[in-house]
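Notes for the one structure printed next.
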Amino acid sequence: MAIQRKGTSPATFDLFADEPPQPPAVEQIGPASFVLRGFALPLVDRLLPALESVLIQAPFRHMVTPGGHTMSVALSSCGEFGWTTDRSGYQYTRINPQTGEAWPAMPEVFMELALAAAREAGFVGFIPDACLINRYIPGAKMSLHQDKDEHGYEWPVVSVSLGLPAMFLFGGHQRSDSSQRVPLLHGDVVVWGGVDRLRFHGVMPVRQGEHSLLGEQRINFTFRKAR
Ligand code: SIN
Ligand code: FE2
């Protein structure tokens, strides 16, 4: 690079030299898995009000796993199907058991983001029918798990991070396989599908912090095709 800049004025040269190294916009973390850095940023102004209106209709709540453990992450959903867990198991439902009403419709801007991110990762034609919304306050985490409550696995999972940073764990096909640690920031989108669709993944406890738009929380959307 320096050779190409021979002959440029010292001022210009210094300008370039001071630029922090930029990570690549797309990082591949598996044969069919990608991190799209900052992909959601251009839509944040529309995502947040849409999120707010979804949460008025379907407020966050802490659910219990079949094993009787109360999740540290608070959950909501939108779209045709919402994901729930209780003592009887995990399932997708059309009705929010908390309100007795259908889950809120998936906002247009959510759909737009999910489709565009899937396309960017090579999954053209993805139309999610479920969006889980996870809220992590500092200390909240998600243990290693597979997303396997969907009827089929031909479509990817598209996962959007907003607010506080998190360390995403991307494992293998066995729980005991070692995990890659993938730091995720506000606006990053992870897409995993194809041969990677059933890989174990999780989130390490979110660290204390204050995000300029979202305060003391991390919000994650995961888009799936449930049926
Ligand atoms: C999930 O696996 O459902 C959530 C992943 C995340 O919060 O990044
Ligand atoms: Fe998951």
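Since every read-out is calculated from the coordinates, none of them should be taken as a lab result. Predicted, not measured: the structure shown is a model, and the values here were computed from it. Neighbour counts are summed over all protein chains in view; Cβ atoms, including those assigned to glycine, are modelled from backbone coordinates with ideal geometry.
Observations, loosely collected:
- Exposed-site-free run, longest, the chain (rule: GluC sites (Glu not before Pro); DSSP loop; at most 15 other C-beta within 10 Å): 1-153
- Whether segment 89-167 is rounded, prolate or oblate, judged on the alpha carbon gyration tensor where a/c under 1.5 counts as rounded: rounded
- Projected label points at A25 and I127, each 7 Å from Cα along the beta carbon direction, are separated by 2.7 nanometres.
- Qualifying trypsin sites (Lys or Arg not before Pro) for segment 141-191 [loop in DSSP, other Cβ within 10 Å: at most 15]: K148, R175
- Per-residue extension of 0.36 nm, minus the Cα-Cα distance of I56 and T99, leaves a gain of 14.4 nm for this segment.
- The shape of segment 26-224 comes out rounded: with a ≥ b ≥ c from the C-alpha gyration tensor, a/c is under 1.5.
- Where trypsin sites (Lys or Arg not before Pro) fall in DSSP loop in segment 26-91, at most 10 other Cβ within 10 Å: R87
- Each of I56, P66, V189 was scored by the projection of its Cα onto the charge dipole of the chain, and the greatest displacement toward the positive side belongs to P66; charges sit on the C-beta of Lys, Arg, Asp and Glu.
- Label positions at H151 and Q208, each projected 7 Å from the Cα along the C-beta direction, are separated by 4.8 nm.
- Of the residues L47, T84, A114, the one whose Cα sits farthest toward the positive end of the charge dipole of the chain, with +1 on the Cβ of Lys and Arg and -1 on the Cβ of Asp and Glu, is T84.
- Once the Cα-Cα distance is subtracted from the 0.36 nm per residue extended length, the L48 to D177 segment shows a gain of 42.9 nm.
- Dipole magnitude of the chain, debye to nearest 20 (Cβ charges: Lys/Arg +1, Asp/Glu -1, about Cα centre): 500
- Cα centroid separation - segment 150-227 against segment 45-67, whole Å: 17
- Segment S143-Y90, extension gain: residue separation times 0.36 nm, minus the distance between their alpha carbons: 17.6 nm
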